[in-house]
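This report concerns only the one structure given below.
The values are calculated or read from the model by the stated rules, or taken from the named source; none is laboratory data. Quantities reported herein were computed from a predicted structural model and do not represent experimental measurements. In this analysis, Cβ positions are derived from the backbone assuming ideal geometry, glycine residues included, and neighbour counts consider all displayed protein chains.
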Amino acid sequence: MSAPMLEIKDLRVSVEDKEILKGVNLIVPAGEVHAIMGRNGSGKSTLSYAIAGRAGYEITGGDVVLDGQSIIDMEPDERAAAGLFLAFQYPIEIPGVATMTFLKSAMNAQRKSRGEEELTIPDFMKAVRGAADKLSINKDMLKRALNVGFSGGEKKRAEVLQMALLEPKMCVMDETDSGLDIDALKVVSEGVNQMRAPGRSMLVITHYQRLLDHIVPDRVHVFSDGQIVESGDKDLALMLESKGYAAFDGAAA
């Protein structure tokens, strides 16, 4: 097994003084794609927000280690600079901020954190056009304000475009399949699959097995009541689809 890209150690997280994560342990080796499945309210999204450092999600115990470095005391932008990317279930709209301006600012912020020079306009445009073509993104979409007026599929494509341009070490995808029709799901999944690499890992959070038909995971973990209660290969996702989550309620890892 490769060295861990992401290691979560006995992570406990509270929201408004209510404990949501109750001791999560997880290792995602470099180069692997892991899926987390669970019903609504099991703590899946809380895990993604805690990893990303979202305000209001208080880590009360444990640690999150990215590529050998603890990140729980880092600000969200520092975590991003360290190589973390979070794709939201519902990407936010930012009126007045052009998509291209946002992409350029994000890419240059990452480069600055690594001590690299800012991209020239021609190099930036070349990178965006190349990535947009692979994701079937209409060029007119890039001229609009970020996510404003975008369909569900366009929002998810825009996020995968950001991910492709930023080239993170660790991608956390929170219910990326939410609101996607089958055609958009295929396009987004293809974009994600193109990013699979030995030095990049992914954590895919989903309710349904259908996403995992397109993004085939190396490991599947079942979440219930703030803990991982079962882990297995991709066949575990198929079993969940047929039997549901009830069999894992009250289970212990």
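Of the residues in the range 74-119, how many are modelled with pLDDT of 90 or more and either among the hydroxyl-bearing types (S, T, Y) or in contact with a Cys (Cβ under 6 Å, 6 or more places away or on another chain) (or both)?
4
Going by what's in this entry, would L211 be described as assigned to a helix (DSSP H, G or I), of a type in the set (A, V, I, L, M), modelled with pLDDT under 85 and in contact with a helix residue (DSSP H, G or I) (Cβ under 8 Å, 6 or more places away or on another chain)?
Answer is yes for this residue.
Cβ-Cβ distance below 6 Å, separation of 6 or more or different chains: which pairs start in the range 99-116 with a residue that is touching a residue at least 40 places away in the same chain (Cβ under 8 Å) and surrounded by 14 or more Cβ atoms within 10 Å (Cβ to Cβ) and end on one that is of a type outside the set (D, E) and part of a helix (DSSP H, G or I)?
Taking only residues 6 or more apart or on different chains, the pairs are T99/L142; M100/L142; M107/L165; Q110/L166.
Quick one: would you say V24 is crowded, with 17+ Cβ neighbours inside 10 Å, over 21 Å from H207 (Cβ atoms), among the hydrophobic types (A, V, I, L, M, F, W, C) and at pLDDT 95 or above? Break it down stepwise before answering.
Values: crowded, with 17+ Cβ neighbours inside 10 Å: yes; over 21 Å from H207 (Cβ atoms): no; among the hydrophobic types (A, V, I, L, M, F, W, C): yes; at pLDDT 95 or above: yes.
So V24 does not fit the description; no.
Is it fair to say L6 is within 13 Å of the chain's Cα centre (by Cα), under 20 Å from D174 (Cβ atoms) and modelled with pLDDT of 95 or more? Spell out the reasoning first.
Values: within 13 Å of the chain's Cα centre (by Cα): yes; under 20 Å from D174 (Cβ atoms): yes; modelled with pLDDT of 95 or more: yes.
Yes, satisfied.
Using the structure shown, decide if S189 is in contact (Cβ under 8 Å) with a residue 24 or more places away in the chain, surrounded by 20 or more Cβ atoms within 10 Å (Cβ to Cβ), polar (S, T, N, Q) and out of contact with any strand residue (DSSP E or B) (no Cβ under 8 Å at 6 or more places or on another chain). Before you say what the answer is, go through the steps one by one.
On the way: in contact (Cβ under 8 Å) with a residue 24 or more places away in the chain: yes; surrounded by 20 or more Cβ atoms within 10 Å (Cβ to Cβ): yes; polar (S, T, N, Q): yes; out of contact with any strand residue (DSSP E or B) (no Cβ under 8 Å at 6 or more places or on another chain): yes.
Taking the combined requirement at face value, the residue satisfies it.
Quick one: which residue in L161, L203 is surrounded by 20 or more Cβ atoms within 10 Å (Cβ to Cβ) and part of a helix (DSSP H, G or I)? Working first, answer last.
On the way: L203 fails: part of a helix (DSSP H, G or I).
Within the list L161, L203, the selection yields L161.
Looking at G96, G61, which one is over 19 Å from the mean Cα position of the chain (by Cα) and surrounded by 14 or more Cβ atoms within 10 Å (Cβ to Cβ)? Don't jump to the end; show me each part of the working.
Numbers: G96 fails: surrounded by 14 or more Cβ atoms within 10 Å (Cβ to Cβ).
Going through G96, G61 in turn, the sole match is G61.
Does at least one position in the range 26-46 carry a residue that is closer than 20 Å to F223 by Cα and basic (K, R)?
yes
Consider the range 135-150. How many of its residues are farther than 22 Å from F85 by Cα and part of a loop (DSSP other than H, G, I, E, B)?
Residues meeting the conditions: 4.
Kindly indicate the residue of the range 74-120 that is assigned to a helix (DSSP H, G or I) and of a type in the set (S, T, Y) and also nearest to I205 (Cα to Cα) among those meeting that condition. I'd like the intermediate steps shown before the answer.
Just the residues of the range 74-120 that are assigned to a helix (DSSP H, G or I), to begin with: 76-81, 99-113.
Now drop any that are not of a type in the set (S, T, Y), which leaves 99, 101, 105, 113.
Details: T99: 26, T101: 29, S105: 27, S113: 28 Å.
Among them, the one singled out is T99.
How many residues does the range 1-25 contain that are polar (S, T, N, Q), assigned to a strand (DSSP E or B) and within 19 Å of L66 (Cα to Cα)? Before the answer, list the steps.
To start, the set of residues in the range 1-25 that are polar (S, T, N, Q) comprises 2, 14, 25.
Filter once more, so that each one left must be assigned to a strand (DSSP E or B): 14, 25.
Now narrow it down to the ones that are within 19 Å of L66 (Cα to Cα): 25.
Total meeting the criteria: 1.
Any residue that is part of a strand (DSSP E or B) and among the basic types (K, R) - is there at least one of those in the range 228-249? Walk me through how you get there before you give the answer.
Going through the range 228-249, the residues part of a strand (DSSP E or B) turn out to be 228-232.
When the remaining residues are screened for being among the basic types (K, R), the result is none.
Taking every residue of the range 228-249 in turn, none turns out to be part of a strand (DSSP E or B) and among the basic types (K, R).
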